[in-house]
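Engineer: Structure in structure tokens, see below.
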Amino acid sequence: MSDIMTIKAVVCPACGELGKAEIFTSVNVTKHPGLRDKVLGGGMFAWTCPSCGYNARLTYPILYNDMKNRFMVYFIPRVERFQLCDRELEEAYSSLRGISKRVVPNFNAFKEKIFIFESRLDDMAIELAKVAISQTVSKKLDGVKVEDGYLSLFDRESNTMGFTYFTGEERMPYVQTARLEIYGKSKEIVDQFAIKDKKLKGFIKIDREWAENILYRYKRARRIEKLNKLKE
């Protein structure tokens, strides 16, 4: 897959004048490594109005392909579907094997998925560990609501991983670290309860909602197991 660039008309939100922007709908960072930093740094989405100089950040769908690390991430703003139903796109990559394909709804999740796969990690296990640790954070903060969280550290040498969460109504950042054993345990749970999801061929959304469902199924299975032992 090669890079795909197109020219789009952009109306400046400051002065209302019409301008043009180079929009990359697909990038291959294996063929063009320099595009990686441009994507992650936000330069790919930066636009300056030629009339008044207003700086804006454009948001549009972009497919990120890393052939070296064998993953593809499709950033589609505010996408809600669990599985991307795009027959043309799926047919174009139906022959690929051993490629992790994900769809994400926002830029932070986009960057996180890239970091996870570049680190050769299982994003399903990461999402599960993230949810489990967020519950610990909520208890430490006297029940404060903990929603969004992103992997910000994974160090095998120090046996440490860390997540940055946004807490409360003001979305204050809170960093929580944990031992890598929780990642290992999360991977065991995923291997047992996400077998069908791992076999899906399309672009799928692996996020907090997905992880909460897996965690619920795991806890339910544990409860059933305990009840069966009591009956013996």
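Engineer: Specify the residue that is nearest to Asp66 (Cα to Cα); the eligible residues are those in the range 37-51 that are without any contact (Cβ under 8 Å) to a residue 12 or more places away in the chain and not acidic (Asp, Glu). Lay out the reasoning, then the answer.
Structural biologist: Filtering the range 37-51 down to residues without any contact (Cβ under 8 Å) to a residue 12 or more places away in the chain leaves 37-38, 41, 43, 48.
Checking which are not acidic (Asp, Glu) leaves us with 38, 41, 43, 48.
On the way: Lys38: 14, Gly41: 17, Gly43: 18, Thr48: 28 Å.
The residue in question is Lys38.
Engineer: Ok, one more. Mind listing just one residue for me: the one in the range 155-166 that is of a type in the set (Ser, Thr, Tyr) and closer than 20 Å to Lys139 by Cβ and, of those, surrounded by the fewest Cβ atoms within 10 Å (Cβ to Cβ)?
Structural biologist: Pass one, the range 155-166, residues of a type in the set (Ser, Thr, Tyr): 158, 160, 164-165.
Filter once more, keeping what is closer than 20 Å to Lys139 by Cβ: 164-165.
Working: Thr164: 16, Tyr165: 23.
Looking at residues that are of a type in the set (Ser, Thr, Tyr) and closer than 20 Å to Lys139 by Cβ, I get Thr164.
Engineer: So, one more: Do we find a residue being farther than 30 Å from Pro61 by Cα and under 17 Å from the mean Cα position of the chain (by Cα) anywhere in the range 211-223?
Structural biologist: no
Engineer: If I ask for residues that are under 13 Å from Met72 (Cα atoms), basic (Lys, Arg) and open to solvent by less than 30 Å² (accessible area, probe 1.4 Å), which ones from the range 91-150 would you list?
Structural biologist: Within the range 91-150, Lys101, Arg102, Lys113 qualify.
Engineer: Within the range 8-17, identify whether any single residue is in contact (Cβ under 8 Å) with a residue 40 or more places away in the chain, in a loop (DSSP other than H, G, I, E, B) and crowded, with 18+ Cβ neighbours inside 10 Å, and answer yes or no.
Structural biologist: Within the range 8-17 (the criterion being in contact (Cβ under 8 Å) with a residue 40 or more places away in the chain, in a loop (DSSP other than H, G, I, E, B) and crowded, with 18+ Cβ neighbours inside 10 Å), the answer is yes, since at least one residue qualifies.
Engineer: Say whether the condition of being among the hydroxyl-bearing types (Ser, Thr, Tyr), closer than 23 Å to Ser152 by Cβ, at pLDDT 95 or above and surrounded by 15 or more Cβ atoms within 10 Å (Cβ to Cβ) is met by at least one residue in the range 57-70. Walk me through how you get there before you give the answer.
Structural biologist: Of the range 57-70, the ones among the hydroxyl-bearing types (Ser, Thr, Tyr) are 59-60, 64.
Now restrict to residues that are closer than 23 Å to Ser152 by Cβ: 59, 64.
Filter again for at pLDDT 95 or above, leaving 64.
From what is left, the residues that are surrounded by 15 or more Cβ atoms within 10 Å (Cβ to Cβ) are 64.
For the range 57-70, residues among the hydroxyl-bearing types (Ser, Thr, Tyr), closer than 23 Å to Ser152 by Cβ, at pLDDT 95 or above and surrounded by 15 or more Cβ atoms within 10 Å (Cβ to Cβ): present.
Engineer: Let me ask something else about it. So which residues in the range 13-36 are among the aliphatic types (A, V, I, L, M) and more than 24 Å from Ile76 (Cβ to Cβ), if there are any at all? Walk me through it before giving the result.
Structural biologist: Here is the first cut: in the range 13-36, the ones among the aliphatic types (A, V, I, L, M) are 14, 18, 21, 23, 27, 29, 35.
Those that are among the aliphatic types (A, V, I, L, M) and more than 24 Å from Ile76 (Cβ to Cβ): Ala14, Leu18.
Engineer: Quick one: Lys199 ticks every box in (1) under 19 Å from the mean Cα position of the chain (by Cα); (2) buried (at least 18 other Cβ atoms within 10 Å of the Cβ) except a single one, so which number is it?
Structural biologist: Here Lys199 meets the rest and fails (2).
Engineer: While we're looking at this one, here's another question. Residues to consider are Pro77, Pro33; find the one that is free of Cβ contacts under 8 Å to residues at least 60 places away in the same chain and open to solvent by 70 Å² or more (accessible area, probe 1.4 Å).
Structural biologist: Going through Pro77, Pro33 in turn, just one is free of Cβ contacts under 8 Å to residues at least 60 places away in the same chain and open to solvent by 70 Å² or more (accessible area, probe 1.4 Å): Pro33.
Engineer: If I ask for residues that are open to solvent by less than 90 Å² (accessible area, probe 1.4 Å), under 24 Å from Ile214 (Cβ atoms) and without any contact (Cβ under 8 Å) to a residue 60 or more places away in the chain, which ones from the range 167-191 would you list? Show your work before the answer.
Structural biologist: Keep residues of the range 167-191 that are open to solvent by less than 90 Å² (accessible area, probe 1.4 Å), which gives 167-168, 173-174, 176-178, 180, 182-184, 186-187, 189-191.
Right, trim to under 24 Å from Ile214 (Cβ atoms) and you get 167, 174, 176-178, 180, 182-184, 186-187, 189-191.
Hits for the range 167-191 are Thr167, Tyr174, Gln176, Thr177, Ala178, Leu180, Ile182, Gly184, Asp191.
Engineer: Taking the options Glu88, Glu22, name whichever one is in a strand (DSSP E or B) and loosely packed, with under 13 Cβ neighbours inside 10 Å. Before the answer, list the steps.
Structural biologist: Numbers: Glu88 fails: in a strand (DSSP E or B).
Exactly one of Glu88, Glu22 is in a strand (DSSP E or B) and loosely packed, with under 13 Cβ neighbours inside 10 Å, namely Glu22.
The values are calculated or read from the model by the stated rules, or taken from the named source; none is laboratory data. Just so we're clear, the structure is a prediction, and the values are computed from it rather than from any experiment. Every residue, glycine among them, receives a Cβ derived from its backbone with ideal geometry; neighbour counts consider all protein chains shown. The area values use the complete protein model at the heavy-atom level, side chains included, leaving out ligands, DNA and RNA. Shrake-Rupley method; radii C 1.70, N 1.55, O 1.52, S 1.80 Å.
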